[in-house]
1. Can you work out which of the residues in region 79-115 that are assigned to a strand (DSSP E or B) and of a type in the set (S, T, N, Q) is nearest to L35 (Cα to Cα)?
2. Six or more apart or on different chains, Cβ atoms under 7 Å: show the pairs whose first residue is in region 133-148 and touching a residue at least 40 places away in the same chain (Cβ under 8 Å) and whose second is open to solvent by 70 Å² or more (accessible area, probe 1.4 Å) and polar (S, T, N, Q).
3. For residues that are hydrophobic (A, V, I, L, M, F, W, C) and surrounded by 12 or more Cβ atoms within 10 Å (Cβ to Cβ), scanning just region 150-163, find the one that is farthest from I79 (Cα to Cα).
4. Assuming C30 fulfils every condition listed in (1) in a strand (DSSP E or B); (2) without any contact (Cβ under 8 Å) to a residue 24 or more places away in the chain; (3) of a type outside the set (V, I, T) apart from one, which condition is it?
5. Is it the case that some residue within region 139-147 is surrounded by 14 or more Cβ atoms within 10 Å (Cβ to Cβ), at pLDDT below 95 and among the small types (G, A, S)?
6. Going by the structure shown, is V50 surrounded by 13 or more Cβ atoms within 10 Å (Cβ to Cβ), in contact with a Phe, Trp or Tyr (Cβ under 7 Å, 6 or more places away or on another chain) and more than 27 Å from E137 (Cβ to Cβ)?
7. Inside region 58-78, can you point out the residues that are open to solvent by less than 50 Å² (accessible area, probe 1.4 Å) and either assigned to a loop (DSSP other than H, G, I, E, B) or free of Cβ contacts under 8 Å to residues at least 40 places away in the same chain (or both)?
8. Since L87 meets every condition but one in (1) modelled with pLDDT of 90 or more; (2) within 19 Å of the chain's Cα centre (by Cα); (3) open to solvent by 60 Å² or more (accessible area, probe 1.4 Å), which condition does it not meet?
Amino acid sequence: AGRSQADGFTTVDGHIISKEVKEQDAVRACQVFFLVERASQGEDFQKLRVTSPISGWVGRWYVTNLGEQIVAREPVVTIVDDRVLRLTVFLPTEEWLKVARETRVTVSIGSQKRAGKIVSIARAGIAQSGRGSIIVEVDNKNRDWRAGMLANIQLDMAPENRLIVP
């Protein structure tokens, strides 16, 4: 995910009558990105202007056609600021307990590798799976990696003696 990412919602049911931006367009916080025609019982049709909650880029539209029915509190569009990507990594308990903020991290997607930084280590694990999570951020100033991509994470931790049985 991007360091900042938000979904655009409406507070009313209605129809999309205008999409002011398309996927990958840059948007500013408070910029109008779509219009909704709504009708409340006993009221005339009204246009509702929906604005972006953050600055970033249009990551994904959940509606494809003008006139499409939308429902209040369901996401219509995702805005993402992907100049820095945030990854959630789940580790088995033993490894999770050994991770420190200073632990070196390498993030790989395909043949590309970048240094990452641990910004958070969860203080509570997931009892059902016995895992704990860490949050890693990686620079993406060229925006060539995208939010939602799967990445490989390498944590440089103290080596341990292991026994390999054939």
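The values are calculated or read from the model by the stated rules, or taken from the named source; none is laboratory data. These figures come from a predicted structure and were not determined experimentally. Quick reminder, even Gly has a Cβ in these numbers, built from the backbone with ideal geometry, and neighbours come from all protein chains shown. In case anyone asks, the SASA skips ligands and DNA or RNA and just uses the protein heavy atoms, side chains included. Shrake-Rupley method; radii C 1.70, N 1.55, O 1.52, S 1.80 Å.
1. Among them, the one singled out is T88.
2. S133/T88; I135/T88; A147/Q5
3. Once the filter is applied, the top-ranked residue is M157.
4. Of (1) in a strand (DSSP E or B); (2) without any contact (Cβ under 8 Å) to a residue 24 or more places away in the chain; (3) of a type outside the set (V, I, T), only one is false for C30: (1).
5. Scanning region 139-147 turns up at least one residue that is surrounded by 14 or more Cβ atoms within 10 Å (Cβ to Cβ), at pLDDT below 95 and among the small types (G, A, S).
6. yes
7. Passing the criteria: V58, V63, G67, A72, V76.
8. (3)
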